[in-house]
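For reference, the structure discussed in these notes is given below.
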Amino acid sequence: MAWTSILAIYVLFWVLSAFIILPFGIRSHSESGMEMVKGQADGAPVNFRPGRILGFTTLLATLAFGLFYLNYSYQWITVDDIDFFGSRERLEQQ
């Protein structure tokens with residue numbers, strides 16, 4: 001696999017991981033019992049910590065990509081393993 005492909009796939013895993021990590025640990029002002037500033041959105045977070053989110057996102061993305069790359073290298077799960085409807089056989093017959 002080319003290094004550009006590895007980088008592109010890792011970035012996809014990182015973005016997906018960011019969307020998975022973002023909602024965890026966020027509290028709104030009403031949940032924290034703090035006063036809201038005039039004009040502030042109701043769901044605005046009180047304790048948003050971007051460094052922590054970046055760290056957890058990078059950790060999750062690295063673990064997920066590592067599993068993906070190991071599966072790519074060792075072929076633990078192949079297309080034939082998840083082809084429940086026999087599509088490959090039908091395509092080869094045509």
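If I filter the range 48-56 for residues that are within 28 Å of Met1 (Cα to Cα), open to solvent by 80 Å² or more (accessible area, probe 1.4 Å) and modelled with pLDDT of 95 or more, do I get at least one hit?
Our first condition is that a residue be within 28 Å of Met1 (Cα to Cα); within the range 48-56, this holds for 54-56.
The next check asks that each one be open to solvent by 80 Å² or more (accessible area, probe 1.4 Å); those that pass are 54, 56.
Then drop every residue that is not modelled with pLDDT of 95 or more, which leaves 54, 56.
Yes: one or more hits.
Going through Val37, Val79 one at a time, which residue ends up being in contact with a Lys or Arg (Cβ under 8 Å, 6 or more places away or on another chain) and at pLDDT below 95?
Values: Val37 fails: in contact with a Lys or Arg (Cβ under 8 Å, 6 or more places away or on another chain).
So the residue among Val37, Val79 that is in contact with a Lys or Arg (Cβ under 8 Å, 6 or more places away or on another chain) and at pLDDT below 95 is Val79.
Those residues that are exposed (fewer than 10 other Cβ atoms within 10 Å of the Cβ) and assigned to a loop (DSSP other than H, G, I, E, B), I need them from the range 1-40; list them, please.
Within the range 1-40, Met1, Ala2, Pro23, Phe24, Gly33, Glu35, Val37, Lys38, Gly39 qualify.
Out of the residues in the range 33-84 that are under 26 Å from Val11 (Cβ atoms) and of a type in the set (Lys, Arg), state the one that is nearest to the chain's Cα centre (by Cα).
Quick first cut of the range 33-84, residues under 26 Å from Val11 (Cβ atoms) only: 45, 48-79, 82.
Right, trim to of a type in the set (Lys, Arg) and you get 49, 52.
Numbers: Arg49: 18, Arg52: 15 Å.
The qualifying residue nearest to the chain's Cα centre (by Cα) is Arg52.
Would you confirm whether any residue within the range 67-76 is out of contact with any Gly (no Cβ under 6 Å at 6 or more places or on another chain), on the phi < 0 side of the Ramachandran plot, open to solvent by less than 90 Å² (accessible area, probe 1.4 Å) and of a type in the set (A, V, I, L, M, F, W, C)? I'd like the intermediate steps shown before the answer.
Restricting attention to the range 67-76, the residues satisfying the condition of being out of contact with any Gly (no Cβ under 6 Å at 6 or more places or on another chain) are 67-76.
Okay, now just the ones that are also on the phi < 0 side of the Ramachandran plot, so 67-74, 76.
Among the residues that remain, those that are also open to solvent by less than 90 Å² (accessible area, probe 1.4 Å) are: 68-71, 73.
Next, only the ones that are of a type in the set (A, V, I, L, M, F, W, C) stay: 68, 70.
There is at least one residue in the range 67-76 that is out of contact with any Gly (no Cβ under 6 Å at 6 or more places or on another chain), on the phi < 0 side of the Ramachandran plot, open to solvent by less than 90 Å² (accessible area, probe 1.4 Å) and of a type in the set (A, V, I, L, M, F, W, C).
Mind counting the residues in the range 41-79 that are more than 17 Å from Ser17 (Cα to Cα), among the polar types (S, T, N, Q) and not in a loop (DSSP other than H, G, I, E, B)?
Going through the range 41-79 one residue at a time, the tally reaches 2.
Which number in (1) on the phi < 0 side of the Ramachandran plot; (2) without any contact (Cβ under 8 Å) to a residue 60 or more places away in the chain marks the one condition that Gly86 misses?
(1)
Taking the range 80-94 as the region of interest, how many residues are assigned to a loop (DSSP other than H, G, I, E, B) and open to solvent by 70 Å² or more (accessible area, probe 1.4 Å)?
Keep residues of the range 80-94 that are assigned to a loop (DSSP other than H, G, I, E, B), which gives 83-86, 94.
Of the ones still in play, those that are also open to solvent by 70 Å² or more (accessible area, probe 1.4 Å) are 84-85, 94.
The number of residues fulfilling the criteria is 3.
The values are calculated or read from the model by the stated rules, or taken from the named source; none is laboratory data. Keep in mind that this is a model prediction, so the values were computed, not measured. Cβ sites come from the backbone with ideal geometry, for glycine too, and all protein chains shown count toward neighbours. With ligands, DNA and RNA removed, areas are computed over all heavy atoms of the protein, side chains included. Shrake-Rupley method; radii C 1.70, N 1.55, O 1.52, S 1.80 Å.
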